[in-house]
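Worksheet: one structure, shown below.
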Amino acid sequence: MEFSIPACIGESDDYSISRTCFMSTATIELDGKIQQLPIVIGSEGEKAVDISDLRAKTGYITLDDGYGNTGSCQSNITFIDGENGILRYRGIPIEEVAQKATFIETAFLIIYGHLPTRPELRHFSDLLTENQYLHEDMKYHFQGFPTRAHPMAMLSAMINAASCYDDGLMHWQWGKGKQFEVYAARLLSQVRTIASYSYRKSCGLPMIYPKKAYKYTANFLHMMFSMPYEDYELKPEVVHALDLIFLLHADHEQNCSTATVRMVASSQANLFASASAGVCALWGPLHGGANQAVIEMLQQIHASGDDGSRFIEAAKDKNSNKKLMGFGHRVYKNYDPRAKIIKAASEKLLKVLNLSDPLLEIAERLESAVLKDSYFIERKLYPNVDFYSGIIMRAIGIPLDMFPVIFAIGRMPGWIANYKEIMEDPHGRIYRPRQVYQGPAQQSFVPIEERG
Ligand code: COA
């Protein structure tokens, strides 16, 4: 089989005029027959061979275990250039978004594709406030969980349960326009209420209602940490640091959880059901659980009296079964741009709060040693977003098993925006990958008496 892509790709600027642009074709030879396959070029010059009708034309499918080389969709939301450490939301570099926007402004940008005007932001904030309360009966669902239930299990179950209290969601028919706007705001607002209730439940503490006067992140901290007659003291630096963590997690193109949300959404399941599936996909330690693993690693290094050097040696030894958590990334082969922002924010927060965290010192020592180490340099292993985010969450007092929940709240705008793309795609089809079957060839059923 020969496969060639003509050299003329990218020589014309035709692709700027439409989302899907077939610039040129690739040629593939299968069973002695030449097939032309269209080439799609993204707005940042990413190239893809469109194989969508390869099977119909040739009987062949493509095989890509784990989707490492498969573009599952065309999307307008987030751009990542992992080689150069670039992340942009709707074209705006993450560094600028982090410096100038709040999480809620960012959520609007990600969901609706443009920065909100003042009236649009006001309207969006009002919708979040109007939709923040859970149905009172949901308290009984929370009561049914054991006290030590994991907050991610409660988050996923309760997001799904919340849809049962709304006829519109139960009879969901691709809610568009105003209906989508309300449900998107409801999900974004209620995820925070559900998350904080899950935490209170796991500690056996009474639930705290949201306050109308508080903004998004302040309200979350209030529901997490206030007591019935004693409001949590909201420090602006703490609110800002958590808002930044939400913002930096707001979208990251087709990762495991976002691809899951799109998969579920493609069956036309409602928005809450699709997001609930996203929470489950995020829960695993290879995805949203990594920030927790970083803190556990730093604690282990600290407790063993290591300055980090012994752990680095172990992480390089393939027989040790150890990895330097918070280092390396499937896409970034350069410094994760979010890690730089989080590192600066964690140092600033500890200084303002007058806290000293031995884990931050270990983390900084590890980072500077690793960046000079040929093992990590050769493999392009740099700190990722999870390396420093746990330091901030610890300083705020967020317990370890809530770390992936914080990630889920932050990722909600990305899931909603990806859901919206699926919903609005006029050519949308149910997601249905193929497989290469490797099981037994046809055989006859053997009656139980004859099976020996
Ligand atoms: N510590 C030590 N070695 C590491 C490493 C780490 N954190 N991450 C990768 N490597 C090594 C691998 O052992 C492999 O070495 P080899 O070429 O000698 O076999 C090489 O670097 C390439 O790694 P690979 O596992 O192929 O990279 P990947 O793209 O499949 O995996 C991660 C990416 C993120 C899963 C991986 O880097 C990792 O496990 N990191 C730690 C967990 C983490 O921080 N996850 C959060 C991601 S946001």
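Points worth noting:
- Relative to the longest principal axis of the Cα atoms of the chain, the long axis of helix 151-163 makes an angle of roughly 80 degrees.
- Computed packing ranks the peptides 49-61, 414-426 as 414-426, 49-61, most packed first, by mean other Cβ atoms within 10 Å.
- Residue among Ala161, Leu349, Tyr419 farthest towards the positive dipole end of the chain, charges placed on Cβ: Ala161
- By average C-beta atoms within 10 angstrom, highest first, the peptides 62-71, 202-211, 102-111, 396-405: 102-111, 396-405, 202-211, 62-71
- Cα gyration tensor category, rounded, prolate or oblate, for region 369-430 with a/c compared to 1.5: oblate
- Check: region 408-452 dipole with +1 on Lys, Arg Cβ and -1 on Asp, Glu Cβ, in debye: 160 debye
- Cα gyration tensor, region 395-440 - rounded (a/c under 1.5), prolate or oblate: oblate
- Pairs from Lys235/Lys340; Lys100/Lys215; Lys316/Lys372; Lys139/Lys201 whose Cα-Cα separation, in the structure shown, is over 19 Å: Lys235/Lys340
- Packing-based ranking of 147-155, 37-45 yields 147-155, 37-45, ordered from highest to lowest mean Cβ neighbour count within 10 Å.
- Rounded to 0.05, the FRET efficiency of the Arg432 and Glu347 pair, given R0 = 45 Å and the Cβ-Cβ distance, is 0.40.
- Ligands, DNA and RNA are left out, and with a 1.4 angstrom probe the accessible area of region 111-165 is 54 Å² per residue.
- Under the Karplus curve 6.51 cos²θ - 1.76 cosθ + 1.60, θ = phi - 60°, whole-Hz ³J(HN,Hα) for region 136-141, x wherever Gly or Pro sits: 4, 5, 5, 4, 5, 5
- Projecting the Cα positions of Gln254, Ala184, His240 onto the charge dipole of region 177-259 (unit charges on Cβ atoms of Lys, Arg, Asp and Glu, taken about the Cα centre) puts Ala184 furthest along the positive direction.
- Helix 236-248 axis versus longest C-alpha principal axis of the chain: approximately 10°, rounded to the nearest ten.
- Site pair Glu46 and Tyr229 shows an inter-label distance of 5.6 nm when each label is modelled 7 Å from Cα along Cα→Cβ.
- Rounded, prolate or oblate (a/c below 1.5 giving rounded, otherwise prolate when a/b exceeds b/c) for region 59-178 by Cα gyration tensor: oblate
- Relative to the longest principal axis of the Cα atoms of the chain, the long axis of helix 118-130 makes an angle of roughly 70 degrees.
- Apportionment of accessible area to carbon and sulfur, the chain, percent (1.4 Å): 51 percent
The values are calculated or read from the model by the stated rules, or taken from the named source; none is laboratory data. For clarity, every value in this text was computed on a predicted model and none was experimentally measured. A quick note on method: Cβ atoms are made from the backbone with ideal geometry, for glycine too, and the neighbour counts reach across all protein chains shown. Just so you know, the surface numbers come from the protein's heavy atoms only, side chains and all, with ligands and any DNA or RNA stripped out. Shrake-Rupley method; radii C 1.70, N 1.55, O 1.52, S 1.80 Å.
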